[in-house]
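Notes to accompany the following structure.
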Amino acid sequence: LNHSIRRVLLGDATTFTLHPSLAAIFPGSKNGKPVPKAHLKLQLVIDLLSGRWVHFSLDAYGRSDMKAAMDFMPMLQAGELLIRELGYACMASFRAIIEAKAFFISRLKARVYVLDRNGERLPLRKTLRALAPREGDLVRLPVLMTESDRVPCFLVAQRVPQAVADERRRKLKERHRRQGFKPPGKRYLELQDWTILVTNVEEEAVGKAQVVEWYLM
């Protein structure tokens, strides 16, 4: 590890299916089924290098990862790097991590707009097409997340192979169709050409290629 990062933590959740007789206590997904389902969600943070559990909690199935994003914040220590997937990405948690003098790596939500450090809206698709036009191209940009919150961080993006981008778009359209949502918008679909991450780790500590590698683990 770089000397500025004390340890790398991974946060994620998994859902357990319980016996249907427990549905009144642990209500699960409905899915239009006549028999109620019982589910329980496990929230877990582990130390990547040791494999040890650092924190866990049992949550109701209906409690979202975004609501659980703040649960670990009182235990987060300076110098720790917390890597979590998209469901935990909220501005309050990012700010709490920065205030703890800790670090994060997360994917960027498609509906989150970013600004440059002067506070001007960054045309993300145009910028990435110019700076990362070819497969494997990597770019790192200092940004502010959202016009209201203006969370300072770095955007790291890597252009993926065309086949990967096309498969992402296919899955997105299929998931929206299956769940009864309207088709994904043009901006959302076009951004599938890149893996887009946000982090507050300085490049002197962790290079942009390593940011992508650590997240993909």
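The values are calculated or read from the model by the stated rules, or taken from the named source; none is laboratory data. Computed from a prediction, not measured in an experiment: that's the story for all the values here. Virtual Cβ from ideal backbone geometry, glycine too; neighbours counted across all protein chains shown. In case anyone asks, the SASA skips ligands and DNA or RNA and just uses the protein heavy atoms, side chains included. Shrake-Rupley method; radii C 1.70, N 1.55, O 1.52, S 1.80 Å.
Could you rank Asp12, Asp137 by how accessible they are, 1.4 Å probe, largest area first?
Details: Asp12 80, Asp137 30 Å².
Descending order: Asp12, Asp137.
Can you work out the PRE-style zone for Arg129? Point 7 Å along Cα to Cβ, and I want the residues of segment 174-197 with backbone N under 19 Å.
Counting only backbone N, you get 185-196.
Run down the lysines and flag those whose C-alpha is under 23 Å from the C-alpha of Lys208, throwing out any fewer than 8 positions away in its chain.
Those lysines meeting the cut-off are Lys101, Lys109, Lys126.
Rounded to the nearest 0.05, what FRET efficiency do Glu203 and Arg121 give with R0 = 30 Å and r taken as the Cβ-Cβ distance? Could you check? Before the final figure, lay out the partial values.
On the way: r = 24 Å, r/R0 = 0.78.
Efficiency, from the Cβ-Cβ distance: 0.80.
Among the aspartates and glutamates, which have Cα under 15 Å from the Cα of Lys171 when same-chain residues fewer than 8 positions away are ignored?
Partners found: Glu190, Asp193.
Just need the Rg to Rh number for segment 1-129, please, alpha carbons only, Kirkwood Rh. Please list the in-between numbers first.
Working: Rg = 18.2 Å, Rh = 16.9 Å.
A ratio of 1.07.
At 7 Å along the Cα-to-beta-carbon direction for both Leu44 and Met70, put a label point, then send me their distance in nm to one decimal.
Reported label-point gap for Leu44 and Met70 is 2.6 nm.
Which lysines, if any, have their Cα less than 16 Å from the Cα of Lys41, not counting same-chain residues under 8 positions apart?
Within the straight-line limit of under 16 Å, Lys41 reaches these lysines: Lys30, Lys67.
Semi-axes of the equivalent ellipsoid for segment 7-49, please: Cα gyration tensor eigenvalues, times 5, square-rooted, ordered largest first, whole Å.
Working: eigenvalues 184, 17, 7 Å².
So the three semi-axes of segment 7-49 are 30, 9, 6 Å.
Counting only protein heavy atoms, what percent of the accessible surface of segment 57-96 is carbon or sulfur at a 1.4 Å probe?
Values: 1030 of 1650 Å².
That fraction is 62 percent.
Helix hunt in the chain: which complete DSSP H runs extend at least 15 Å axially by C-alpha with mean Kyte-Doolittle at least 0.0?
Passing helices, by number: none.
Could you tell me, in Å, what Rg and Dmax come out for the Cα atoms of segment 79-217?
Computed over the Cα atoms of segment 79-217, radius of gyration and Dmax are 15.0, 45 Å.
Mind checking the full-extension length gain between Lys109 and Ser148? Use 0.36 nm per residue of separation minus the Cα-Cα distance, one decimal, nm.
12.5 nm
Between Lys41, Lys171, Lys67, where does the largest GNM mean-square fluctuation fall for the chain, given springs only between Cα atoms within less than 10 Å?
Lys171
Residue separation times 0.36 nm, minus the C-alpha to C-alpha distance between Lys182 and Ile98: what's the value? Provide the component values of the computation, followed by the final result.
Details: separation 84, 0.36 × 84 = 30.24 nm, distance 3.57 nm.
Full extension of this stretch gives 26.7 nm more.
Could you work out how much longer the chain between Arg52 and Asp137 gets when fully extended? Use 0.36 nm per residue separation minus the Cα distance between them, nm to one decimal. All intermediate terms of the calculation are to be shown ahead of the outcome.
Values: separation 85, 0.36 × 85 = 30.60 nm, distance 3.48 nm.
Contour length minus the Cα-Cα distance gives 27.1 nm.
Could you list the GluC sites (Glu not before Pro) in segment 83-170 that lie in coil according to DSSP, counting only those with at most 12 other Cβ atoms within 10 Å of their Cβ?
Working: sites: Glu85, Glu99, Glu120, Glu135, Glu147, Glu167; in loops: Glu85, Glu120, Glu135, Glu147.
Sites meeting the loop and neighbour criteria: Glu120, Glu147.
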